[in-house]
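Asker: Would you mind keeping the following structure in view while I ask a few things?
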Amino acid sequence: PEFDIKAATQLSPTGKAPVLETNGNGPVLFESNAIARYIATLRNDTALTGNGFVEAALVDQWCDFCAHQLELPACVWFYPVAGYMPFQKAAYDKAKGDFSAALSVLNAALEGKTYLVNDDKITLADITVASALVYPFKLVCDGKYLKKYKNVTRWFKDCVGQDEFKSVIGEVAMCKKELKAAQ
């Protein structure tokens, strides 16, 4: 069936999408990370939410880091380029600085590691964080900017190079030169 945004927003207490209706009579879930966690736990054999309590907490840690440290500055930086909001120089400068600080944390965490939580396989942490970086890395984070984040760049390219990622988001072309918003 066709997606009905009006129906979806009526299901959410916030009046916004995304929402997920569970099992007909079950609760309606709202917010991206809650929905992602729910879906990731449907098949325990995938270990997307980690193996055991510690890995599960680490997955939650990186999903929360993504929501609180990466997504806001990323959006403030690339939304004006995409035409979603007007450009404001002070907001641009702060967002770029905050995004750099978050990438520094991520870069240090990925030193000597393949993935964020479990070196043997991708978890929901990798999926969530990599997904949040797709548009910034396509539109505004050029090679010069990413030069000091080698671990993040290596990890990101590995994640989005996976067939499972490609089947959802397609090929990701890395930004060659930062796109600038109209001023």
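Read-outs throughout are calculated quantities, based only on the coordinates presented, and are distinct from any laboratory measurement. Because the structure is a prediction, the values reported are computed rather than measured. Neighbour counts are summed over all protein chains in view; Cβ atoms, including those assigned to glycine, are modelled from backbone coordinates with ideal geometry.
Asker: Suppose only helical runs count, i.e. DSSP H with n ≥ 4. What mean residue ellipticity at 222 nm does that imply for the chain under -39500 (n - 2.57) per run, divided by all residues and rounded to the nearest 500 deg cm²/dmol?
Answerer: Roughly -17000 deg cm²/dmol at 222 nm, from the helical runs in the chain.
Asker: Defining a contact as two alpha carbons under 8 Å apart and six or more residues distant in sequence, what relative contact order in percent does the chain show? Could the numbers behind the result be given before it?
Answerer: Details: 200 pairs, mean separation 35.1, N = 183.
About 19 percent, as a whole number.
Asker: Which parts of the range 122-146 would a label at Glu171 reach, counting a residue when its backbone N lies under 18 Å from a point 7 Å out along Cα-to-Cβ?
Answerer: 134-135, 137-139
Asker: Further question: Let me make sure I get this right: for the range 21-82, a, b and c are the square roots of the gyration tensor eigenvalues over alpha carbons, sorted descending. Under 1.5 in a/c it's rounded, otherwise prolate if a/b > b/c, else oblate. Which is it? List each step's numbers first, then the result.
Answerer: Values: a/c = 2.95, a/b = 1.42, b/c = 2.07.
Because a/c hits 1.5 or more and a/b fails to exceed b/c, the range 21-82 counts as oblate.
Asker: Next up: Within the chain, which is the longest segment containing none of the trypsin sites (Lys or Arg not before Pro) that sit in a DSSP loop and have at most 10 other Cβ atoms within 10 Å? Walk me through the numbers before you get to the answer.
Answerer: On the way: sites that count: Arg43, Lys147, Lys176, Lys177.
By the stated rule (loop sites, at most 10 other Cβ atoms within 10 Å), 44-146.
Asker: Connecting C-alpha atoms closer than 10 Å in a GNM of the chain, tell me which of Ala74, Ala109, Ala125 has the biggest fluctuation.
Answerer: Of Ala74, Ala109, Ala125, the most mobile in the Gaussian network model is Ala109.
Asker: Over all Cα pairs of the range 1-42, how is the pair count split among 10 Å bins, expressed in % and running from 0 up to the last occupied bin?
Answerer: Going from the shortest bin to the longest, the percentages are 30, 56, 14.
Asker: Same structure, new question: Quick check: residue separation of Thr46 and Asp158 times 0.36 nm, minus the Cα distance between them. What number comes out in nm? Don't jump to the answer; show the numbers that get you there.
Answerer: On the way: separation 112, 0.36 × 112 = 40.32 nm, distance 1.85 nm.
Value of the extension gain: 38.5 nm.
Asker: Karplus couplings for the range 40-51 from phi (6.51 cos²θ - 1.76 cosθ + 1.60, θ = phi - 60°), rounded to Hz, Gly and Pro as x?
Answerer: Each residue's phi maps through the Karplus curve to give 5, 8, 5, 10, 5, 5, 7, 6, 4, 9, x, 9 Hz.
Asker: Once you list every other residue whose beta carbon is under 12 Å from the beta carbon of Arg37, what net charge do they have if Lys and Arg are +1 and Asp and Glu are -1? All intermediate terms of the calculation are to be shown ahead of the outcome.
Answerer: Numbers: positive: none; negative: Glu31, Asp60, Asp64.
Summing Lys/Arg as +1 and Asp/Glu as -1 gives -3.
Asker: Given axes a ≥ b ≥ c from the Cα gyration tensor, I'd like to know whether the chain is rounded (a/c under 1.5), prolate (a/b larger than b/c) or oblate. Mind dumping the intermediate values first?
Answerer: Numbers: a/c = 1.89, a/b = 1.18, b/c = 1.60.
Verdict is oblate for the chain.
Asker: State the Cα centre-to-centre distance between the range 1-62 and the range 126-183 in whole Å.
Answerer: 24 Å
Asker: Something else: Can you spot the aspartates and glutamates whose alpha carbon is less than 15 Å from Lys144's alpha carbon? Ignore those fewer than 8 places along the same chain.
Answerer: Excluding near neighbours in sequence, the set is Glu178.
Asker: In addition: For the pairs Lys147/Lys176; Lys16/Lys89; Lys138/Lys166; Lys113/Lys177; Lys16/Lys94; Lys96/Lys121, flag any whose C-alpha to C-alpha distance is greater than 19 Å.
Answerer: Details: Lys147/Lys176 12 Å; Lys16/Lys89 29 Å; Lys138/Lys166 14 Å; Lys113/Lys177 28 Å; Lys16/Lys94 27 Å; Lys96/Lys121 30 Å.
The pairs that break the limit, which is 19 Å between Cα atoms, are Lys16/Lys89; Lys113/Lys177; Lys16/Lys94; Lys96/Lys121.
Asker: Name the most mobile residue of Ala132, Ala173, Ala95, meaning the one with the largest mean-square fluctuation, in a Gaussian network model of the chain with Cα contacts below 10 Å.
Answerer: Ala173
Asker: By the scheme Lys and Arg +1, Asp and Glu -1, what is the net charge of all other residues having a beta-carbon under 14 Å from that of Asp93?
Answerer: Values: positive: Lys89, Lys94, Lys96, Lys180; negative: Asp98, Glu178.
That works out to +2.
Asker: Right, here's the next one. Which of Asn51, Asn33, Asn25 moves the most in a Gaussian network model of the chain with Cα springs under 10 Å?
Answerer: Asn25
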